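The values are calculated or read from the model by the stated rules, or taken from the named source; none is laboratory data. These numbers were taken from a predicted model, which means no experiment stands behind them. All Cβ positions, even for glycine, are placed from backbone atoms using ideal geometry, and neighbour counts span all protein chains on display.
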Amino acid sequence: MIVTTPRPPSPQAPTQESDMLLTYAVMIFAIAALGGLVLASFVLRGRLAPWVISVGHALLGASGLALLIVAVLQGDTPARATAALALLVLAALGGFYLASIHLRGKVAPKAVVFVHAGVAVVGFLTLLSAMLAT
């Protein structure tokens, strides 16, 4: 009788769980991006956005980051997922700064919004490519 034991997944081969985490993170970030577009439209018109949209955008972003952190910490995701995490953390830091401006009742500078959005979009596309590579 030959007994075989299953091999542990290699670092190159993501598990089904990490695939799902990446997929859910992409979905959540996509919804957050829609909220971000709405928020940016307010800034471009020189108006403060409703708090419910700002908070929803932040909660979705934080949820996506949490899923991505878990996936990356499992150690079986493509390197692009780690790069996406770094970019999205940078975008989140920009989001904290934008929220601080909003808390003061001021409209954020358009340049800051564009930088935040640009970093977030590059991070999202990097994450999407990592998900599609699995």
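Applying the selection to region 1-45, what residues are among the β-branched types (Val, Ile, Thr) and either modelled with pLDDT under 95 or in a loop (DSSP other than H, G, I, E, B) (or both)?
Ile2, Val3, Thr4, Thr5, Thr15
Any residue in region 72-99 that's closer than 22 Å to Ala49 by Cα: show its pairings with residues that are in a loop (DSSP other than H, G, I, E, B) at Cβ separation under 8 Å, as long as the two are six or more apart or on different chains.
Cβ pairs passing all conditions: Leu98/Ala108.
Going residue by residue through region 56-67, is there one that turns out to be over 13 Å from the mean Cα position of the chain (by Cα), surrounded by fewer than 20 Cβ atoms within 10 Å (Cβ to Cβ) and not hydrophobic (A, V, I, L, M, F, W, C)?
Checked against the condition, which is being over 13 Å from the mean Cα position of the chain (by Cα), surrounded by fewer than 20 Cβ atoms within 10 Å (Cβ to Cβ) and not hydrophobic (A, V, I, L, M, F, W, C), region 56-67 yields at least one hit.
Would you check if Leu22 is surrounded by 21 or more Cβ atoms within 10 Å (Cβ to Cβ) and either in contact with a Phe, Trp or Tyr (Cβ under 8 Å, 6 or more places away or on another chain) or among the hydrophobic types (A, V, I, L, M, F, W, C) (or both)?
Yes, satisfied.
Which count do you get for residues in region 95-126 that are within 16 Å of Ala58 (Cα to Cα), more than 17 Å from the chain's Cα centre (by Cα) and surrounded by 16 or more Cβ atoms within 10 Å (Cβ to Cβ)?
3
Consider region 46-96. How many of its residues are in contact with a Ser or Thr (Cβ under 7 Å, 6 or more places away or on another chain) and more than 17 Å from Ser18 (Cα to Cα)?
Counting residues in region 46-96 that are in contact with a Ser or Thr (Cβ under 7 Å, 6 or more places away or on another chain) and more than 17 Å from Ser18 (Cα to Cα) gives 1.
Restricting attention to region 69-88, which residues are surrounded by fewer than 15 Cβ atoms within 10 Å (Cβ to Cβ) and assigned to a helix (DSSP H, G or I)?
Residues satisfying the conditions are Val70, Leu73, Ala79, Ala86.
Among all residue pairs at least 6 apart or on different chains, which show Cβ distances below 7 Å where the first residue, located in region 110-130, is farther than 16 Å from Ser41 by Cα and in a helix (DSSP H, G or I) and the second is among the β-branched types (Val, Ile, Thr) and at pLDDT 95 or above?
Partner pairs satisfying both residue conditions: Leu127/Val26; Leu128/Val26.
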